[in-house]
Amino acid sequence: MLKNIIEQAQKDWEYHFFMFYCKVLFPFSFAKHFRIVTVDKGIVTRIEVRHFKNDKNPDLWYIHINLLKPWAWLEKFLRKTNKHRKPNFAYHISWPKNSLAYKAVTFVNDNYLKYPHIYDYNFFVWPNCNTFIQRILNHIPEVKFKLPRNAIGKNHK
């Protein structure tokens, strides 16, 4: 389902800003982990902060670009399998150039390296994946989406 949505967005050559989430693994499955997928004139980019350092590009530290397919989600670490946790759709905007979607996509793609906590990650408090997402939402107030209470780390200043 999500694969089809992203592939269709890639074909229309407009700008798309997606947010997906999934539940964190047991015993913290009450919490949600968010990530962003952008489509910029057909180029799909998955950007997220993960709990381990980026081995492919060490300069990014905890930021990962296209680590997994855009529609895939977190690995199931407790079982030996190639399957991923089910992703859930949280938010989507799309539109041509000079729109809110264009502003969101260009902000994310141009500013993820300016994330002030690129060197830090903490599972239980902050900064973490949701701190990264909240920073993006703070810089684009026209995006009318609020992370839920169980998006641990969203309140880090």
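Derivation of every value follows stated rules applied to the coordinates shown; laboratory data play no part. Predicted model only: the values in this text are computed from it and were never measured. Neighbour counts are summed over all protein chains in view; Cβ atoms, including those assigned to glycine, are modelled from backbone coordinates with ideal geometry.
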- Message: If R₀ is 41 angstrom, what is the calculated FRET efficiency for the pair K97 and M1, using the beta carbon separation as r and rounding to 0.05?
- Response: 0.90
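Using helices alone, what [θ] at 222 nm do you get for the chain, with -39,500 (n - 2.57) per DSSP H run of 4 or more residues, divided over all residues and rounded to the nearest 500?
Numbers: 3 runs with 33 residues, N = 157.
When only DSSP H runs of four or more count, the value is -6500 deg cm²/dmol.
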- Item | Nitroxide proxy distance, nm - points 7 Å out along Cα→Cβ at F145 and L113 | 2.5
- Message: Give me the extension gain from D120 to L67: residue separation times 0.36 nm, minus the current Cα-Cα distance, reported in nm with one decimal.
- Response: 17.2 nm
- Query: Which Rg and Dmax, in Å, describe the Cα atoms of the chain?
  - Reply: 14.9, 45
- Name the residue, out of V105, V37, V24, whose mean-square fluctuation peaks in a Gaussian network model built on the chain with Cα pairs under 10 Å. V24
- Toy charge model, Lys and Arg Cβ at +1, Asp and Glu Cβ at -1: the chain dipole around Cα centroid in debye, rounded to 20, equals 620
- Message: Using the Karplus curve 6.51 cos²θ - 1.76 cosθ + 1.60 with θ = phi - 60°, what ³J(HN,Hα) values do you get for each residue of region 142-153, in whole Hz, with x for Gly and Pro?
- Response: 5, 6, 8, 9, 10, 5, x, 4, 8, 8, 4, x
- Message: Quick query: amide H of F34 versus all other amide H atoms, modeled in the peptide plane; which residues come in under 5 Å with a sequence gap of 5 or more or a different chain?
- Response: N130
- Note on the structure: Note, region 106-123: 3J(HN,Hα) by Karplus (6.51, -1.76, 1.60, θ = phi - 60°), whole Hz, Gly/Pro = x, goes 5, 4, 4, 5, 8, 10, 4, 6, 8, 4, x, 10, 4, 8, 10, 7, 9, 4
- Query: Label points 7 Å out from Cα along the Cβ direction at N138 and I43: separation in nm?
  - Reply: 2.8
